[in-house]
Structures are given as C-alpha cells and as structure tokens.
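Here's the structure, in structure tokens; my notes come after.
The values are calculated or read from the model by the stated rules, or taken from the named source; none is laboratory data. Everything numeric here is computed off the predicted structure, so don't read it as measured data. When we count neighbours, we look across all protein chains shown, and the Cβ atoms used for this are built from the backbone with ideal geometry, even at glycine.
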Amino acid sequence: MTEEVRSREEQIVVFELSGQIYGVGIADVWEIIRMEKITRVPKAPEFVEGIINLRGRIVPIIDLRKRFHLPEGEQTKSSRIIIVQVGEMTVGMIVDAVHEVLSVSMDSMKPPPPVVGGVDAEFLRGIVLRDDRLIIMLNLDKVLQKDEQEQLRETQDILKRAAQ
C-alpha cells in the first residue's frame with residue numbers, strides 16, 4: 001500500500017446508538033469503559049448525565065441519545081462509555097454498544113443528508129459505506145457547543161476545588 005493511499009485511510013471506532021451504526025476517529029478516543037456509577041450534576045444541560053471520577057480525573061458524561069433527541073433506551077451489559085476529546089475537553093459518551101475498530105477510506109465519505117438516523121447533519125462529518133453497512137461519522141467538535149463546553153469546564157473546576 002502506498003503512503004498516499006494510507007494517508008486517506010482512517011481508523012475509526014464503530015459503535016451503535018438507537019439501532020444505527022456510528023463512527024468516530026480513533027485519534028479522538030482515549031479509552032472505552034464499561035458503564036459505572038454517574039454522579040448527577042445540578043443545573044447541567046439535559047443531555048449531561050453527570051460526571052465520573054476516572055483515575056482521579058473528573059469527566060463529564062453525555063447521553064448521546066438525549067443530545068441527538070433520539071428515543072430513550074435502556075442501558076444493557078453492552079452499554080459503554082467512550083472517553084473522547086471534544087475541543088479542549090475530555091468527555092464520556094454513553095453508547096449502546098461498541099463493535100470494532102475499522103480502517104475506512106475517507107475518500108469514500110459522503111456529505112451527510114440533513115438528517116441521518118434521526119440525527120441532525122450539524123453533528124456529523126459524513127457517512128461512509130463499508131461492507132454494505134452505512135457508518136454515520138460524528139463530528140465531535142459539534143457534539144458540545146463552545147458555551148456548553150465552558151459550562152461543563154466551570155462545573156469541573158468547582159468539583160475539583162470541592163474535592164481538595
């Protein structure tokens with residue numbers, strides 16, 4: 001494989017949410033963890049489930065179903081939290097299941113239609129067809145708006161000071 005071809009390939013983490021298949025670039029994923037106890041945070045946006053303490057680090061957890069206004073679902077043994085970098089913040093995203101890591105050609109990515117799988121295009125990078133599967137690529141920079149990131153950062157700071 002030539003260097004040029006490799007540069008157009010991207011490894012993605014493939015996960016499921018509300019019956020649809022999504023992907024995020026593996027470069028933005030720090031780790032994937034099982035569901036754990038989430039501490040609620042007062043006055044947080046509705047889609048913020050709360051926070052977890054991940055090895056001494058306070059990490060806000062967002063429910064992607066709520067963020068994208070999808071029907072609520074039950075957490076199962078397959079549910080996971082994907083820890084990702086969103087802008088300058090580390091956040092966890094609750095998903096129904098994580099399936100695999102794939103290499104996909106970014107040349108095959110198409111712009112998203114206005115709504116895919118119930119999710120507005122503003123949250124999406126595009127769509128990729130791989131092995132007869134449609135993978136909806138999330139744009140993590142849009143999952144949390146700048147003002148929402150700032151609100152969560154302030155909450156993190158307050159909680160860090162309270163823990164000291």
Check your understanding: In the list 74, 36, 100, which residue meets the criterion of being assigned to a strand (DSSP E or B) and exposed (fewer than 13 other Cβ atoms within 10 Å of the Cβ)?
Key -> 100
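Give region 43-55 a look and list any residue that's in contact with a helix residue (DSSP H, G or I) (Cβ under 9 Å, 6 or more places away or on another chain) and either in contact (Cβ under 8 Å) with a residue 60 or more places away in the chain or part of a loop (DSSP other than H, G, I, E, B) (or both), or say none.
Taking region 43-55 first, the residues in contact with a helix residue (DSSP H, G or I) (Cβ under 9 Å, 6 or more places away or on another chain) are 43-49, 51, 53.
Selection gives 43, 44, 45, 46, 47, 48, 51.
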Review point. Residues 114, 60: which one is in contact with a helix residue (DSSP H, G or I) (Cβ under 9 Å, 6 or more places away or on another chain) and exposed (fewer than 14 other Cβ atoms within 10 Å of the Cβ)?
Key: 114
**Study point:** Answer from 122, 154, 148 - the residue that is buried (at least 17 other Cβ atoms within 10 Å of the Cβ) and either closer than 26 Å to residue 55 by Cα or of a type in the set (D, E, K, R) (or both)
**Key:** 148
Review point. Just a yes or no: is a residue in region 78-97 of a type in the set (Asp, Glu), in contact (Cβ under 8 Å) with a residue 12 or more places away in the chain and in contact with a helix residue (DSSP H, G or I) (Cβ under 6 Å, 6 or more places away or on another chain)?
Key: no
Exercise for review: Filter region 56-87 for residues that are at pLDDT below 90, within 16 Å of residue 119 (Cβ to Cβ) and in contact with a strand residue (DSSP E or B) (Cβ under 6 Å, 6 or more places away or on another chain) and give the result.
Suggested key: 68
**Study point:** Checklist (1) under 21 Å from residue 10 (Cβ atoms); (2) surrounded by 18 or more Cβ atoms within 10 Å (Cβ to Cβ) applied to residue 51, failing item
**Key:** (1)
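What are the residues in region 128-148 that are more than 17 Å from residue 29 (Cβ to Cβ), among the charged types (D, E, K, R) and either at pLDDT 85 or above or in a helix (DSSP H, G or I) (or both), if any? Let's see the steps before the verdict.
Step one: list which residues in region 128-148 are more than 17 Å from residue 29 (Cβ to Cβ), which gives 129-134, 145-148.
Add one more test, that the residue is among the charged types (D, E, K, R), and what stays is 130-133, 146-148.
Of everything in region 128-148, those that are more than 17 Å from residue 29 (Cβ to Cβ), among the charged types (D, E, K, R) and either at pLDDT 85 or above or in a helix (DSSP H, G or I) (or both) turn out to be 133, 146, 147, 148.
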